[in-house]
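K.L.:
Before I ask anything, let me first share the structure, which is written out below as C-alpha cells.
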C-alpha cells in the first residue's frame with residue numbers, strides 16, 4: 001500500500017472526512033497525493049518519494065520558493081530569541097513600518113494569522129467606522145471560512161449573512177444597483193484582486209469597474225475593501241489594484257506575506273485608524289515573532305528581486321508553452337488570469353473531464369498542475385523548471401488527445 005493511501009486511511013479514523021476543504025486530494029484526479037514529505041525551491045516530494053515541479057505553491061503562501069534560505073535564516077534567528085512571548089517582539093514594529101512604507105494606501109496595519117482573520121477584521125473595522133451593517137460581496141467570491149462569508153451552507157444561518165448584498169464582479173451596473181439596495185446602511189464593498197471563482201475562467205479587474213467600486217464607496221461614505229489575501233505581493237508589491245490605478249480604504253493580506261509562515265495583515269487608510277483601535281480582534285498566536293521576521297525577509301527579498309516581474313515573466317513563458325503544445329496536439333485551450341496565477345482550461349469541458357485527464361498525466365510526468373483552481377508561480381520557477389514542466393504538460397496533452 002502506498003504510504004499516502006495508508007495515511008489517508010489513518011486520518012479518516014481520527015479526522016472528520018479524513019481531511020477537509022480545498023486541501024482534500026480526493027476531489028482531484030486519481031493519483032494526486034495528499035501527504036508530502038519535503039519541498040525545496042519550486043519542487044516537492046510526496047510521502048511516497050515522487051518528485052513534482054510545484055504549480056500550487058502550498059495554495060499560494062510560497063512566493064520565493066520552498067525553504068528559501070534568507071527567509072528561513074531570519075526565522076531561525078528570531079526563534080533563537082523567542083517566538084510566542086507575553087507580547088510582541090520588536091520585529092512587529094519593523095514589519096508594520098515596512099508594510100506601511102510598501103503599500104501606498106496604508107497609513108497603519110494590524111497583524112493576524114490567516115486570510116479569514118484579515119477579511120473579517122476589514123469588515124468589522126468598516127462597520128465600526130461607519131456604524132452601518134451592509135456589505136456588498138461579489139457572487140461566487142471566496143473571502144474566508146467563517147459563517148459571514150463561508151461557501152458552505154452547513155452550520156450557517158440566514159442571520160449570519162443577513163447583511164450581505166450580492167453583485168457581479170466586473171459589472172459596474174450590478175454593483176451600483178447593490179449599493180442602491182443598501183441605501184444609507186452601506187458599510188463596505190469587498191472585492192477580490194481579480195475574479196478567481198473555482199472552476200470558471202479567471203477575470204482581471206476591469207479598470208472601469210474598479211473606478212465604479214471606488215466611486216460607489218465614496219458616494220456612500222463606505223469602505224472599499226480589497227481582499228488581497230490570494231494575490232497580494234504576487235502582482236504588485238503595493239497592492240494588486242495598483243495595476244488598475246484604484247486604491248482601497250482597507251486591504252486584507254495573507255498567503256504570500258511570509259513565504260509559508262502563518263501570518264496575515266490588514267492595512268488601512270487614516271480615516272479608519274480610530275475604528276481599528278475600537279474593534280476587538282485577537283488570537284492566542286497573533287503576536288508570534290517568527291512569522292513576522294519571516295515576513296520582513298520575504299518582503300525585502302521580493303523587492304530586491306522584483307518578484308512580481310520575475311513571476312510574471314515565467315508565467316508568460318509557461319502560458320506560451322502551453323498554447324504551443326496544445327496547438328501541436330490539435331487541442332483548444334483557454335488561459336486566463338494573471339500570468340503569475342494562471343488557470344488553463346480546455347474548450348467545451350464544463351465538467352473538467354479533459355482538465356483532469358491532462359493534470360493526471362502531467363502529474364505522472366512530474367508536474368503538479370490543477371484543473372479548476374488558479375495555480376501559483378514563485379520566484380523559484382526559472383526557465384529550466386518551466387521548460388521541464390512543459391515536457392510534463394506535453395504528456396498531459398497527449399493523454400487528452402487520445403481521449404478523442
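The values are calculated or read from the model by the stated rules, or taken from the named source; none is laboratory data. All of these numbers come straight from a predicted model, not from anything done at the bench. A quick note on method: Cβ atoms are made from the backbone with ideal geometry, for glycine too, and the neighbour counts reach across all protein chains shown.
K.L.:
With the structure loaded, tell me whether residue 259 is at positive phi and buried (at least 22 other Cβ atoms within 10 Å of the Cβ) or whether it fails that test.
P.N.:
yes
K.L.:
Quickly run through segment 285-302 and pick out the residues that are surrounded by fewer than 21 Cβ atoms within 10 Å (Cβ to Cβ) and assigned to a loop (DSSP other than H, G, I, E, B).
P.N.:
285, 286, 287
K.L.:
Can residue 290 be described as touching a helix residue (DSSP H, G or I) at 6+ places or on another chain (Cβ under 8 Å), within 22 Å of residue 190 (Cα to Cα) and touching a residue at least 12 places away in the same chain (Cβ under 8 Å)?
P.N.:
no
K.L.:
Quick test of your reading of the structure: residue 150 fulfils all but one of (1) at pLDDT 95 or above; (2) under 21 Å from the mean Cα position of the chain (by Cα); (3) buried (at least 16 other Cβ atoms within 10 Å of the Cβ); (4) part of a loop (DSSP other than H, G, I, E, B). Name the failing condition by number.
P.N.:
(1)
K.L.:
Sticking with this one: When you scan segment 363-376, do you find a residue that is over 24 Å from the mean Cα position of the chain (by Cα) and assigned to a loop (DSSP other than H, G, I, E, B), even just one?
P.N.:
Checked segment 363-376: at least one residue is over 24 Å from the mean Cα position of the chain (by Cα) and assigned to a loop (DSSP other than H, G, I, E, B).
K.L.:
Does residue 324 qualify as being part of a helix (DSSP H, G or I) and closer than 18 Å to residue 369 by Cβ?
P.N.:
yes
K.L.:
Could you check segment 53-69 and list, in sequence order, the residues that are surrounded by 15 or more Cβ atoms within 10 Å (Cβ to Cβ) and over 28 Å from residue 144 (Cβ atoms)?
P.N.:
53
K.L.:
Of all residues in segment 230-251, count the ones that are closer than 19 Å to residue 296 by Cβ and buried (at least 24 other Cβ atoms within 10 Å of the Cβ).
P.N.:
5
K.L.:
If you don't mind, there's one more thing I want to ask. Out of segment 1-11, which residues are part of a helix (DSSP H, G or I) and free of Cβ contacts under 8 Å to residues at least 24 places away in the same chain?
P.N.:
5, 6, 9, 10, 11
K.L.:
What number of residues within segment 91-108 are surrounded by 17 or more Cβ atoms within 10 Å (Cβ to Cβ) and in a strand (DSSP E or B)?
P.N.:
So the count comes out to 0.
K.L.:
When you look at residue 182, is it more than 25 Å from residue 271 (Cβ to Cβ) and not in a loop (DSSP other than H, G, I, E, B), yes or no?
P.N.:
It is false that residue 182 is more than 25 Å from residue 271 (Cβ to Cβ) and not in a loop (DSSP other than H, G, I, E, B).
K.L.:
Checking residue 357 against (1) surrounded by 20 or more Cβ atoms within 10 Å (Cβ to Cβ); (2) part of a helix (DSSP H, G or I); (3) under 24 Å from the mean Cα position of the chain (by Cα), only one condition comes out false. Which one?
P.N.:
Going through (1) surrounded by 20 or more Cβ atoms within 10 Å (Cβ to Cβ); (2) part of a helix (DSSP H, G or I); (3) under 24 Å from the mean Cα position of the chain (by Cα) one by one, residue 357 breaks only (3).
K.L.:
Moving to a separate point now. Listed residues 65, 60, 21, 41; which is within 20 Å of the chain's Cα centre (by Cα), within 23 Å of residue 198 (Cβ to Cβ) and modelled with pLDDT of 95 or more?
P.N.:
So the residue among 65, 60, 21, 41 that is within 20 Å of the chain's Cα centre (by Cα), within 23 Å of residue 198 (Cβ to Cβ) and modelled with pLDDT of 95 or more is 60.
K.L.:
Can you pull out every residue in segment 260-284 that is within 19 Å of residue 93 (Cα to Cα), part of a loop (DSSP other than H, G, I, E, B) and touching a helix residue (DSSP H, G or I) at 6+ places or on another chain (Cβ under 9 Å)?
P.N.:
If the condition is that a residue be within 19 Å of residue 93 (Cα to Cα), part of a loop (DSSP other than H, G, I, E, B) and touching a helix residue (DSSP H, G or I) at 6+ places or on another chain (Cβ under 9 Å), then 261, 262, 263, 281, 283 are the ones that fit.
K.L.:
Still on this structure: When you go through 200, 125, 191 one by one, which is the residue that is assigned by TED's automatic domain parsing to the domain that holds residue 268 and assigned to a strand (DSSP E or B)?
P.N.:
Of the residues listed, the single one that is assigned by TED's automatic domain parsing to the domain that holds residue 268 and assigned to a strand (DSSP E or B) is 191.
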